[in-house]
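Chemist: Would you mind keeping the following structure in view while I ask a few things?
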Amino acid sequence: EGRLGNFKGEGMIYVNNLWDKKSVIDSTTVSNGIFCFEGIQSEATLASLTGEDGSFIAMFFVEPGNIKIAGDAAEYDIKATGSPANEAFNAFTKERQEIMEKYKAAMQAKDEEGAESADEAYDEMMERYLEENIDNVFGLFMIQQLSYSESSHEMLSALSKLPTALKESKVAQELTAT
């Protein structure tokens, strides 16, 4: 269910599977910014919420839980809550933003030590969120993010720690094959 403040328009909104060519998982009507999706998704996944015109509204994780999507559409400040992966994603996004701001400030001040410290904090944060979420779909998302910078051995090691259902997911299979 959701409530989008300052949402322009009425009509349909869609949940799209970002790990499966943006295929539509579900759709519903939105009226006065209020909407509700009901149903069970067979596999936890990374998803986007889009408007009838295809416009991006939010990114979130579909997994078991009472997921609520809320925020200000005009400010692009929309969050999903109510499940482990979405709660972790929100905390991660906030912490990542804080580290990126420190890095940017250090770079502008030509503070190499400060920039290096922020870079190290970023790497530590990535590893911590992976370890803390290896049991949910956000952990798989973190492995996917780390796959761009880590060795294949480290990525395969992380993939081996996932629960069976996530190991069998399409995205995990694709990462294993790379």
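Chemist: Here are some residues: PHE56, PHE60. Which one is aromatic (Phe, Trp, Tyr) and open to solvent by less than 50 Å² (accessible area, probe 1.4 Å)?
Modeler: Numbers: PHE56 fails: open to solvent by less than 50 Å² (accessible area, probe 1.4 Å).
Result of the check over PHE56, PHE60: PHE60.
Chemist: A further question follows. Which pairs do you get when a residue that is over 30 Å from GLU168 (Cβ atoms), found in region 30-55, comes within reach of a residue that is acidic (Asp, Glu) and not in a strand (DSSP E or B), reach meaning Cβ atoms under 9 angstrom, with the pair 6+ apart or on two chains?
Modeler: Once the first residue is over 30 Å from GLU168 (Cβ atoms) and sits in region 30-55, its partners that are acidic (Asp, Glu) and not in a strand (DSSP E or B) give VAL30/GLU10; VAL30/GLU52; SER31/GLU10; ASN32/GLU10; ILE34/GLU1; PHE35/GLU1; GLU52/GLU10.
Chemist: Moving on. Is at least one residue of region 22-30 surrounded by fewer than 21 Cβ atoms within 10 Å (Cβ to Cβ), outside any strand (DSSP E or B) and not polar (S, T, N, Q)?
Modeler: Checking region 22-30: at least one residue is surrounded by fewer than 21 Cβ atoms within 10 Å (Cβ to Cβ), outside any strand (DSSP E or B) and not polar (S, T, N, Q).
Chemist: Next up: Please indicate, with yes or no, whether at least one residue in region 98-121 is among the charged types (D, E, K, R) and touching a helix residue (DSSP H, G or I) at 6+ places or on another chain (Cβ under 7 Å).
Modeler: yes
The values are calculated or read from the model by the stated rules, or taken from the named source; none is laboratory data. Values in this document were obtained by computation on a predicted structure and should not be read as measured data. A quick note on method: Cβ atoms are made from the backbone with ideal geometry, for glycine too, and the neighbour counts reach across all protein chains shown. All accessible areas refer to the heavy atoms of the entire protein, side chains included, with ligands and DNA or RNA removed. Shrake-Rupley method; radii C 1.70, N 1.55, O 1.52, S 1.80 Å.
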